[in-house]
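The values are calculated or read from the model by the stated rules, or taken from the named source; none is laboratory data. Here the structure is a predicted model, which means the values were calculated and not measured. Here Cβ is always computed from backbone atoms with ideal geometry, including for glycine, and neighbour counts include all displayed protein chains. Heads up: the accessible areas ignore ligands, DNA and RNA and are worked out on the full protein's heavy atoms, side chains in. Shrake-Rupley method; radii C 1.70, N 1.55, O 1.52, S 1.80 Å.
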Amino acid sequence: MTVSAPESPGGIAAPEREVLVSVKDLKKHFPIMQGLIRRQVGSVRAVDGVSFDIYRGETLGLVGESGSGKSTVGKVLLQLEKITEGEVSFEGIDVAQIKPEALRKLRPRMQMIFQDPHASLNPRMTVASIISEPLFEHNAAKGKERRARVAELLSLVGLEPKHGNRYPHEFSGGQRQRIGIARAIALNPDFIVADEPIAALDVSIQAQVVNLMENLQDVMGLTYLFISHDLSMIRHIADRVAVMYLGKFMELADADQLYTNPQHPYTRALLSAVPVPDPEIENTRKRIILEGDIPSPANPPPGCVFNTRCPIAQERCVVEAPVWRELRPRHWVYCHFPGQAPADTSLLRAAAESLSE
């Protein structure tokens, strides 16, 4: 499917831009069970109605506080978690409705890079066995061909082919993540969900891993959903950025537009916390402090879910939920009063510049 105008939620108005993944009103609620008979007494609304598109060849960054539902979105897109309500389409195929056999055939094209490279690798398997496992499961290569493919994958991620006989514990954190990336690209996927792939790594290694992912994207034509809480890294790698809070998207825009002209008060609060490498600006800056903690997704506030912490909340925000709307071309927002939150434009520009360095 291709689009020539921003008709889909979160769409880009570039001509002939192909939609790879389309999400419509996605919800994922986890039941809360109680008692010996396991009676459901409520549900955790991890994802509570989000709509967006991911275009072939792009990187969509997803940011937000811990507990906002970012990782759950990624798992639902790959059907590692079942959808409660809504639709997830991959090249027009509704992955929630297809039969298990058809989903298995589709899985080589949709892969995941996990947050913790240590926990995601089997400590009893050699690196070669770990990387070749997808090839074995999907009967993609055998014998010499499989061994040659493993050696090729190790070289692609910056490791020596001879390292295939070693075990995960013999590698550093950054090297283990490279092994996880090699496993993810083994079947030449089209789409990869990267769930905070650098969060468990040393700062000195993070840039190397991100640069590797960008190089692989160029070589293999990959499409990423890059989940992170690191605004600077998202600024570096993402073409578009979505901001998530308590199961909902607050804002979605091109990276440059979102970082220099954010419209949602939550986005502005996140950016106001970015350190600016200019002593004069840093000493005079006014941060937007969000009071209180993020509410429980088992009992979200009525109306706008952000109203309990929003610096510009009004009565309407408490009684009426905003509409996810396109404020301007390619810039979507979930707010009754976008652009009205206090913001120091010079500070936002300085923060955006520091993040782009």
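Some points to look at:
- Residue check, residue 123 under 25 Å from the mean Cα position of the chain (by Cα) and in a loop (DSSP other than H, G, I, E, B): no
- Residues that are of a type in the set (A, V, I, L, M, F, W, C), at negative phi, modelled with pLDDT under 80 and assigned to a helix (DSSP H, G or I) occur at least once in the stretch 336-348.
- For the stretch 78-118, a residue qualifies if it is surrounded by 17 or more Cβ atoms within 10 Å (Cβ to Cβ), assigned to a strand (DSSP E or B) and out of contact with any helix residue (DSSP H, G or I) (no Cβ under 7 Å at 6 or more places or on another chain), and the qualifying residues are 86, 89, 110.
- One residue from 61, 74 being within 17 Å of residue 249 (Cα to Cα), at pLDDT 95 or above, assigned to a helix (DSSP H, G or I) and not polar (S, T, N, Q): 74
- Neighbours by Cβ (under 8 Å, 6+ apart or cross-chain): first from the stretch 131-143, modelled with pLDDT of 90 or more and in a helix (DSSP H, G or I); second among the charged types (D, E, K, R) and open to solvent by 80 Å² or more (accessible area, probe 1.4 Å): 132/147
- Taken over the stretch 292-330, the criterion of being touching a residue at least 24 places away in the same chain (Cβ under 8 Å) and farther than 24 Å from residue 66 by Cα is satisfied by 326, 327, 329, 330.
- Residues in the stretch 192-206 that are in contact with a His (Cβ under 9 Å, 6 or more places away or on another chain), open to solvent by less than 50 Å² (accessible area, probe 1.4 Å) and farther than 14 Å from residue 238 by Cα: 1 in all.
- Given (1) under 26 Å from residue 116 (Cβ atoms); (2) surrounded by fewer than 24 Cβ atoms within 10 Å (Cβ to Cβ); (3) in contact (Cβ under 8 Å) with a residue 12 or more places away in the chain; (4) among the small types (Gly, Ala, Ser), number of the condition residue 247 does not satisfy: (2)
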